[in-house]
């Protein structure tokens, strides 16, 4: 919630945030519209999540600041806004990419729930965490789609494949972690504590 507050606060000012650079990157060489941003966000939610409304509001702010320009294009039912980078947008993006990358900041709800396990029964925690498996399967399916889309973007295909390789590793790490949690918190021979949910 705090990061969302900071992001919303920054959007009311003239400064660029990590989310601003995300939007500029998604616009890329060919340009994109808010509906494209939302689609890409859903496919890549392993790496970045945000309220869909922000993907509509932030491009407008970046255009006001001179980093994007827009035009109207015909859509299925109504006109759509299509954004492209300005020279200022490209310069800002180049300068940001050149900065040293840092370890990503995470808000990992499952980790916090596990930390709270001493306050509840192990079986309750296991049931909550095991539900992640369906979410992981959904994210993997979205990665399948994203990898297929990468082949249609020759100017970015190499980079997208590297990004999606990381996504696969993140999902695999979570599955391995869930296996470990279930082994540790599940029922043991001779003990009535906990229960298996698999």
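The values are calculated or read from the model by the stated rules, or taken from the named source; none is laboratory data. Model, not experiment: these values are computed from the prediction. Here the Cβ is made from the backbone with ideal geometry for all residues, glycine too, and neighbour counts use every protein chain on show.
In the list 105, 169, 161, which residue meets the criterion of being touching a residue at least 24 places away in the same chain (Cβ under 8 Å), on the phi < 0 side of the Ramachandran plot and within 19 Å of the chain's Cα centre (by Cα)?
Details: 169 fails: touching a residue at least 24 places away in the same chain (Cβ under 8 Å); 161 fails: touching a residue at least 24 places away in the same chain (Cβ under 8 Å).
Matching residue, one of 105, 169, 161: 105.
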Query raised in the report: Is one or more of the residues making up the stretch 104-123 in contact with a helix residue (DSSP H, G or I) (Cβ under 6 Å, 6 or more places away or on another chain) and within 24 Å of residue 168 (Cβ to Cβ)?
Result: yes
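May I ask you to verify whether residue 62 is in the same structural domain as residue 86 (by TED's automatic domain parsing) and over 25 Å from residue 157 (Cβ atoms)? Spell out the reasoning first.
Working: in the same structural domain as residue 86 (by TED's automatic domain parsing): yes; over 25 Å from residue 157 (Cβ atoms): yes.
It is true that residue 62 is in the same structural domain as residue 86 (by TED's automatic domain parsing) and over 25 Å from residue 157 (Cβ atoms).
Would you say residue 138 is within 14 Å of residue 45 (Cα to Cα) and outside the structural domain of residue 14 (by TED's automatic domain parsing)? Before the answer, list the steps.
Values: within 14 Å of residue 45 (Cα to Cα): yes; outside the structural domain of residue 14 (by TED's automatic domain parsing): yes.
Taking the combined requirement at face value, the residue satisfies it.
Looking at the stretch 76-85, can you tell me whether even one residue there is free of Cβ contacts under 8 Å to residues at least 12 places away in the same chain, under 25 Å from residue 38 (Cβ atoms), surrounded by 11 or more Cβ atoms within 10 Å (Cβ to Cβ) and over 21 Å from the mean Cα position of the chain (by Cα)?
Residues of the stretch 76-85 free of Cβ contacts under 8 Å to residues at least 12 places away in the same chain: 76-79.
Next cut, under 25 Å from residue 38 (Cβ atoms) only: 76-79.
Okay, now just the ones that are also surrounded by 11 or more Cβ atoms within 10 Å (Cβ to Cβ), so none.
No, every residue in the stretch 76-85 fails to be free of Cβ contacts under 8 Å to residues at least 12 places away in the same chain, under 25 Å from residue 38 (Cβ atoms), surrounded by 11 or more Cβ atoms within 10 Å (Cβ to Cβ) and over 21 Å from the mean Cα position of the chain (by Cα).
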Query raised in the report: Where residues in the stretch 137-158 are in contact (Cβ under 8 Å) with a residue 40 or more places away in the chain and assigned to a helix (DSSP H, G or I), which of them is farthest from residue 183 (Cα to Cα)?
Result: 149
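Filtering the stretch 177-196 down to residues that are modelled with pLDDT under 90 and in contact with a helix residue (DSSP H, G or I) (Cβ under 6 Å, 6 or more places away or on another chain), which residue is surrounded by the most Cβ atoms within 10 Å (Cβ to Cβ)?
First, the residues of the stretch 177-196 that are modelled with pLDDT under 90: 186-196.
Still in the running and in contact with a helix residue (DSSP H, G or I) (Cβ under 6 Å, 6 or more places away or on another chain): 194-195.
Working: 194: 18, 195: 13.
Within the stretch 177-196, the match that is surrounded by the most Cβ atoms within 10 Å (Cβ to Cβ) is 194.
Per-residue answers, yes or no, for (1) assigned to a helix (DSSP H, G or I); (2) closer than 14 Å to residue 20 by Cα:
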| position | (1), (2) |
| --- | --- |
| 45 | no, no |
| 48 | no, yes |
| 56 | yes, yes |
| 63 | yes, yes |
| 77 | no, no |
Report summary line: Residue hits (the stretch 138-167; within 30 Å of residue 184 (Cβ to Cβ) and in contact with a helix residue (DSSP H, G or I) (Cβ under 9 Å, 6 or more places away or on another chain)) are 139, 140, 142, 143, 167
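Here is a yes/no grid of residues against (1) in contact with a strand residue (DSSP E or B) (Cβ under 9 Å, 6 or more places away or on another chain); (2) at pLDDT 85 or above; (3) under 17 Å from residue 26 (Cβ atoms):
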site: 50; (1), (2), (3): no, no, yes
site: 64; (1), (2), (3): no, yes, no
site: 72; (1), (2), (3): yes, yes, no
site: 80; (1), (2), (3): yes, yes, yes
site: 89; (1), (2), (3): yes, yes, yes
site: 97; (1), (2), (3): no, yes, yes
site: 101; (1), (2), (3): no, yes, no
site: 105; (1), (2), (3): no, no, no
Requested in this report: Consider residue 89 carefully, then state whether it is surrounded by 15 or more Cβ atoms within 10 Å (Cβ to Cβ), assigned to a loop (DSSP other than H, G, I, E, B) and within 24 Å of the chain's Cα centre (by Cα).
Outcome: no
